[in-house]
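Here's the structure, in C-alpha cells; my notes come after.
The values are calculated or read from the model by the stated rules, or taken from the named source; none is laboratory data. Note that the coordinates shown come from a computational prediction; the quantities given were computed from them, not determined experimentally. Note: ideal-geometry Cβ built from the backbone for every residue, glycine included; neighbour counts use all protein chains shown.
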Amino acid sequence: MAAISESEVLAFIDADEKPLEGVVLFQVSSEEYVVSDPTTHIMDQVDRQFLPNVLVVATGDLVSFPNSDSIRHHVYSFSTARSFDIELYGNSETPTLDFPRSGLVVVGCNIHDQMIGYIVVSEEGKAFRSDSEGQMILTSDTANEDAWFAWHPWMAAAGFAPVSLTTITRDEPMQFSIRAPEQKTESDLESRFRRRLNRGN
C-alpha cells in the first residue's frame, strides 16, 4: 500500500537529473465501473499521430477516436485494461468505446506502425501529472488499499512497465532512468512505400 498525504508535492527527474514533465501517477483497482453519466474524451488522429499522445480518463468514461486524416486508420489495443479492434475507417466515422477498468492502455494503428498513443485509466480524482518543473501536487488523500503506479511515455520506448509505488520518496526527487527516445528518420525507400500503401488506405 502506498500512502501519500493530502496536498503533498512529489518531484520527478530523468536519467540526466533534469525535471521530468508528464509523469502520470495513477491508481489501479480490480473493479470495473459502469457510470450513469460518463464523460466523453477525444483521442484524434492527425498527421498520422494520435492527438493527444497521452490521455488521462476516469474509470467508466468514454473515449472517441475521430479520424481527421484524409486516409483510413485501423485502431487497436491488446492491453489488459482494455483490448479492442476498430477496423479501417475514414473521417466520416467516430467510433466511441467505454473504459470500465483502470490501467494503462496502449493504442496503435495496424496500418501505420509509428502511431502509438496511451490512455491512462484511473479512478475519478486519482490521477496526477507532473508539470514542466517535474512536480505534481496531490489534491486528495491517496492512502488506501489500491495499487498506485507511476508512468511516463518514455518508459514505453525504453521497454519499461509502469512502476508500482509501494514506497514514496518525499525528501528528494524520484529518478526514472529514462531519456527522450531518438527520433527515427524515414528513408527514401520507406517514404515511397508508405505513400504507395496510403494510396490504398
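Among all positions in the stretch 22-33, there is at least one residue which is within 30 Å of S177 (Cβ to Cβ), aromatic (F, W, Y) and under 19 Å from the mean Cα position of the chain (by Cα). Considering (1) farther than 30 Å from Q175 by Cα; (2) at pLDDT 95 or above; (3) not hydroxyl-bearing (S, T, Y), the lone condition that R82 does not fulfil carries the number (1).
Does E182 satisfy the condition of being over 22 Å from S130 (Cβ atoms), outside any helix (DSSP H, G or I) and at pLDDT below 80? Criteria met by E182.
Looking only at the stretch 36-53, filter to residues that are surrounded by 15 or more Cβ atoms within 10 Å (Cβ to Cβ) and either within 18 Å of E124 (Cα to Cα) or modelled with pLDDT under 90 (or both); which one of those is nearest to the chain's Cα centre (by Cα)? Per the criteria, the residue is H41. Can you name every residue in the stretch 66-87 that is touching a His at 6+ places or on another chain (Cβ under 9 Å) and under 12 Å from I119 (Cα atoms)? Result: no residue meets the conditions.
When S68 is tested against the conditions (1) over 20 Å from C109 (Cβ atoms); (2) surrounded by fewer than 18 Cβ atoms within 10 Å (Cβ to Cβ); (3) of a type in the set (S, T, Y), the lone failure is (1).
Can you report the number of residues in the stretch 70-95 which are outside any loop (DSSP other than H, G, I, E, B) and either among the acidic types (D, E) or under 17 Å from the mean Cα position of the chain (by Cα) (or both)? Break it down stepwise before answering.
So the first thing to find is which residues in the stretch 70-95 are outside any loop (DSSP other than H, G, I, E, B), and the list is 73-78, 83-89.
Next cut, either among the acidic types (D, E) or under 17 Å from the mean Cα position of the chain (by Cα) (or both) only: 75-78, 83-85, 87.
Within the stretch 70-95, residues that are outside any loop (DSSP other than H, G, I, E, B) and either among the acidic types (D, E) or under 17 Å from the mean Cα position of the chain (by Cα) (or both) number 8.
Which ones in the stretch 102-139 are hydroxyl-bearing (S, T, Y) and under 15 Å from the mean Cα position of the chain (by Cα)?
First, the residues of the stretch 102-139 that are hydroxyl-bearing (S, T, Y): 102, 118, 122, 130, 132, 139.
Matches in the stretch 102-139: S102, Y118, S122, S130.
In the stretch 122-162, the residue that is modelled with the highest pLDDT out of those that are among the polar types (S, T, N, Q) and exposed (fewer than 14 other Cβ atoms within 10 Å of the Cβ) is S132.
Residues checked against (1) surrounded by 14 or more Cβ atoms within 10 Å (Cβ to Cβ); (2) over 20 Å from S132 (Cβ atoms); (3) without any contact (Cβ under 8 Å) to a residue 24 or more places away in the chain:
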| residue | (1), (2), (3) |
| --- | --- |
| V9 | no, no, no |
| I13 | yes, no, no |
| A58 | yes, yes, no |
| N91 | yes, yes, no |
